[in-house]
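Undergrad: One structure, as structure tokens, below. Some questions next.
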Amino acid sequence: MSNNYLSKEDAINQLYATIKTKFEQDGVLQEVRCMLQAKMVAMMKGKNESQTTLLGRPIPDLSKLSAGSKANSNSAACTMDGVEGGQDPRLKTLNELIMEYLHWHGFHYTAEMFTQESGTDNLQPSRQQLERQIGPFEHKSVPILLELIADLMEKNES
């Protein structure tokens with residue numbers, strides 16, 4: 001036999017390396033890793049049939065902030081700004097600001113993980129809607145969260 005032929009094992013390893021490289025270049029491997037991580041987080045947080053974490057603990061309800069003095073002691077549901085039993089609007093707005101920032105930077109896999117952990121939708125929120133909630137911002141080419149931090153840092157320097 002000629003030396004130009006690869007052994008079967010070498011040919012398989014070369015094919016594997018070529019496929020792996022192509023998948024890495026196309027982002028397929030990163031997407032699969034993200035999907036696996038998201039599924040593991042969902043399992044660990046108890047998003048399965050038993051609604052307990054892998055450690056057997058009940059799922060904590062992190063969807064609501066304490067309503068403080070506005071909480072109604074006769075009701076299990078918190079009332080804040082007219083929203084009863086729902087998520088604190090401040091937390092919802094913060095999650096939307098984070099999602100806008102992640103999508104603006106192209107951190108789609110991070111956004112997917114954030115979606116799993118926060119229970120938010122993996123959608124880029126409308127800037128106009130965020131500005132109605134928070135106020136208008138001068139720079140439309142950067143995320144609002146970045147503008148908020150820049151404003152705070154500027155005020156802190158004064």
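The values are calculated or read from the model by the stated rules, or taken from the named source; none is laboratory data. Remember, predicted model here, so these are calculated numbers, not experimental data. Positions of Cβ are generated from backbone atoms using ideal geometry, with glycine treated the same way; all protein chains shown enter the neighbour counts.
Undergrad: Is it the case that THR93 is of a type in the set (S, T, N, Q) and farther than 21 Å from ALA38 by Cβ?
TA: yes
Undergrad: Identify, please: which residue in segment 115-131 is of a type in the set (D, E, K, R) and in a helix (DSSP H, G or I) and is, among those, farthest from MET43 (Cα to Cα)?
TA: Here the residue is GLU131.
Undergrad: Identify the residue in segment 136-149 that is closer than 18 Å to THR93 by Cβ and without any contact (Cβ under 8 Å) to a residue 24 or more places away in the chain and, among all such residues, is surrounded by the fewest Cβ atoms within 10 Å (Cβ to Cβ).
TA: In this case the residue turns out to be PRO136.
Undergrad: If you don't mind, there's one more thing I want to ask. Identify, please: which residue in segment 31-62 is closer than 16 Å to GLN116 by Cβ and of a type in the set (S, T, N, Q) and is, among those, modelled with the highest pLDDT?
TA: Only one residue fits best here, namely GLN37.
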